[in-house]
Amino acid sequence: MREQEQKLANVRKSCDVARKVTKVFSILLIVATVLCLVAGITVFAVRDEINEHITVETYDDGLLRLRFAGEGFDETTGYITMDDISSNGLIGVNFDLEKIASEGKVAQLLMGECFGGFIICLITTAIYIMIQKAFILIKDSETPFHPSVLKRLKLVFVIITIAALLFSGVGTAVMGGIVFWCIYCILDYGFVLQQEVDETL
């Protein structure tokens, strides 16, 4: 029985460390979310000026370089190298930078990138906060095999799998879903064993 108590203490200690780490990441992601939102709003507010002062040049390497022609920039500064932007998830994003630049809509592209970053950071922040709460539940409960812990983890696993499907593609989502399902089944089995132990005491 002493060994079991020691193992439980180790579980609680590791969950407390994991809770602190996920809290730090949650705070960093909240800051990143706010920065993406502020950047998107700022770009939206000055979109006409951005489109007016940015020219696009195509070089021999096939990459595009955005040249700032505004005040404070000379001929040798203000270059940003960009490839075409794409995403392979169900929410497919494909930007033809040359076409966008030739239409004078560079600010709209930057705005889309900022708001896209905002959505991704927001979803990731929500996932980290839910994981953090799961670790708090495990730390505070008498056993890691508690119904509320299983319910919380199941929700987190489903949300991560859906996010992977939307942003990374079917392969990543299927692999992640299988791994999460296996972990959940192992924890569920532990829950059943815990109930049997509790009934025999």
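The values are calculated or read from the model by the stated rules, or taken from the named source; none is laboratory data. Predicted model, so just to flag it, every value in this text is computed and none were measured. We place every Cβ from the backbone using ideal geometry, glycine too, and count neighbours over all the protein chains shown. Surface accessibility is based on the protein's heavy atoms, side chains included, excluding ligands, DNA and RNA. Shrake-Rupley method; radii C 1.70, N 1.55, O 1.52, S 1.80 Å.
In nanometres, what is the gap between the two model label sites at residue 133 and residue 194, each 7 Å from Cα along Cα-to-Cβ?
About 1.8 nm, to one decimal.
Non-local amide H neighbours of residue 54 (under 5 Å, H modeled in plane, Pro and chain starts lacking H): which ones?
Close amide H contacts, sequence-distant or interchain: 69.
With no solvent and one equal point scatterer per Cα, compute the Debye intensity ratio I(q)/I(0) for region 138-201 at 0.19, 0.22, 0.28 Å⁻¹ and report its log10, rounded to two decimals.
Summing over Cα pairs of region 138-201 leads to -0.73, -0.86, -1.11.
Please compute the modelled spin-label separation between residue 4 and residue 103, points set 7 Å along Cα→Cβ, answer in nm with one decimal.
6.7
Can you report the principal axis dimensions of region 1-40 using only the alpha carbons, biggest first, rounded to whole angstrom?
57, 8, 5
Run the accessible area of region 125-196 with a 1.4 Å probe and give the carbon-and-sulfur part as a rounded percent.
74
Given 20/139; 13/139; 7/151, which pairs have Cα atoms separated by over 18 Å?
Beyond 18 Å: 7/151.
When Lys and Arg each count +1 and Asp and Glu each count -1, what net charge do the other residues less than 14 Å away from residue 159, Cβ to Cβ, add up to?
+4
Just in region 104-201: which GluC sites (Glu not before Pro) are loop by DSSP and have at most 10 other Cβ atoms within 10 Å?
Qualifying residues, ordered by number: 142.
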